[in-house]
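Worksheet: the structure to be examined is printed underneath.
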Amino acid sequence: MKWIKFGATAVVLTLSTQVIHAQNLPPLKVGMMLPYSGTFAALGNAIDNGFQLYVKELGGKIAGREITYVRVDDESEPSKATDNINKLIKRDNVDVVIGTVHSGVAMAMAKVAKDTGTMLIIPNAGANAITGPLCAKNIFRSSFTNGQPGYAMGEVAAKKGYKTAMTITWNYAAGEESVKGFQEGFEKGGGKVNKMLTLPFPGVEFQALLTEVAAAKPDIVYSFFAGGGAVKFVKDYAAAGLNKSIPLVGPGFLTDGTLEGQGEAAQGMLTSLHYGDNLNTKRDNEFRLAYAKQFKLQPDVYAVQGYDAAQMLTIGLLATKGDISKKDEFEKAVVAAKVDSPRGPFTISKAHNPIQDFYLRQVVGKENKVIGIASKSLADSARGCNM
Ligand code: BEZ
């Protein structure tokens, strides 16, 4: 049995009520457009696992509709994104698209979803534009906006008394927006970002940039990398001996789902994110146990975001009795809901982004341990969103 909360009201969702809702509807075709290869492959797989886990908990059906999947490996390649999503919509006739990880790919997907009216739930990519100028009634995000964890970490770094910073990231939307968020939080607190270094996505040739850091000696370095790139960057930073004198901080993506590969190099690092490994709530403990049992892996933030994408889809579909074409009713239900996430409950803003707490975490062994709240109930600005 599952509880789903709509606004102030809690509704018990049983398998039998689901069946009554949508007895005559055909299976719901879900298009999973995710990176199943490349530097973000582990992220894509975790999202897919999380989504499947929630559907399994509902007995394989949402609002009484059987779920079938069509999967596309988007390769984190923006130049292929429009073709890939068009194939899902026009050739495969999916009812809803879940994707993706990479902000550049997600922006192309959002344009198509907005034009065609296809329901799109974004389980990671944080591009500002998606809940800004590209916002639409049929586009939702179960994750975050790129600037949010950066801003939270900037505030923390300033409060800790650091005065100068350098940033290093990939030069695409997620990296740029993440370091801008950090700069905003850090400089508001009295710090100064002296230099912003970048390299092309998904490059991992960090040596020249690390030499610049060593020469400039800032008080602190803030970096956005994720997946395979994050593993390599954190290890290279430590191998250059920089972690002894210049603390490396970042959004939690720098150390989430990566600690197995980073090992000693990540120990003690501070990051901020909307999830951590020791929340120790009943909800999260049950989720973590079920995920580990099903996939023989520990969950990470990406698994949670996939799981919550399925929860958001369920909330919308229950309100429309399984009819995904009823976009007004779907939207109204999702915006009124309190999503019972393993990360902690969150609500969805008018621009369709989670309003949520950002935790301050520290790496201890193989865990990102929550050691405090970096920012409470942070909402994104939704600048440019006219819905
Ligand atoms: C992004 O491209 O938006 C992104 C990728 C990986 C982790 C977080 C954000």
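The values are calculated or read from the model by the stated rules, or taken from the named source; none is laboratory data. Everything numeric in this text was worked out from a predicted model, so none of it was measured. In this analysis, Cβ positions are derived from the backbone assuming ideal geometry, glycine residues included, and neighbour counts consider all displayed protein chains. Protein only, heavy atoms only, side chains kept; ligands, DNA and RNA dropped before computing areas. Shrake-Rupley method; radii C 1.70, N 1.55, O 1.52, S 1.80 Å.
Points to keep in mind about this one:
- Theoretical ellipticity at 222 nm over the chain - DSSP helices of four or more residues, -39500 (n - 2.57) apiece, nearest 500: -12000 deg cm²/dmol
- Radius ratio Rg over Rh of region 238-345, counting only Cα atoms, Kirkwood formula for Rh: 1.12
- Partners for Lys160 among lysines (Cα-Cα distance below 24 Å; same-chain residues under 8 apart left out): Lys180, Lys188, Lys192, Lys195, Lys217, Lys244, Lys369, Lys376
- Most to least packed among 70-79, 279-288, 40-49 [average Cβ atoms within 10 Å]: 40-49, 70-79, 279-288
- Directionally averaged projected area (convex hull, Cα atoms, region 209-269), nm²: 3.6
- In this structure region 158-282 gives 41 Å² per residue of accessible area when probed at 1.4 Å with all protein chains present.
- Based on the reciprocal of the average 1/r between different C-alpha atoms, the Kirkwood radius for the chain equals 20.8 Å.
- Packing, taken as the mean count of other beta carbons within 10 Å per residue, orders the peptides 345-355, 197-207 from highest to lowest as 345-355, 197-207.
- Carbon plus sulfur fraction of accessible area for the chain, probe 1.4 Å, in percent: 53
- Label zone at Glu66 (point 7 Å along Cα-to-Cβ), backbone N below 20 Å, region 32-52: 32, 52
- From the C-alpha gyration tensor of region 282-387, square roots of 5λ in Å: 28, 20, 10
- Pairs from the list Lys90/Lys332; Lys56/Lys137; Lys29/Lys56 with a Cα-Cα gap above 24 Å: Lys90/Lys332; Lys56/Lys137.
- Estimated translational D of region 97-195 in µm²/s (Stokes, Kirkwood radius over Cα pairs; 20 °C; 1.002 mPa s): 152
- In this structure region 294-387 gives 41 Å² per residue of accessible area when probed at 1.4 Å with all protein chains present.
- Fraction of beta bridges assigned by DSSP in the chain that are antiparallel (%, nearest 5): 45
- 19 Å Cα-Cα reach of Lys235 towards aspartates and glutamates, excluding residues that sit fewer than 8 places from it in its own chain: Glu205, Glu212, Asp256, Glu260, Glu264, Glu367
- A full extension of the chain between Gln298 and Arg91 corresponds to an added length of 71.0 nm, given 0.36 nm per residue minus the alpha carbon distance.
- Per residue, region 35-89 exposes 37 Å² of solvent-accessible protein surface, assessed with a 1.4 angstrom probe and all protein chains in place.
- Maximal additional length on extending the Lys159-Ile371 stretch stands at 74.8 nm, based on 0.36 nm per residue less the C-alpha distance.
- Each eigenvalue of the Cα gyration tensor of region 89-142, multiplied by 5 and square-rooted, gives one semi-axis; in descending order these are 17, 12, 9 Å.
- Relative to the longest principal axis of the Cα atoms of the chain, the long axis of helix 173-188 lies at roughly 60 degrees.
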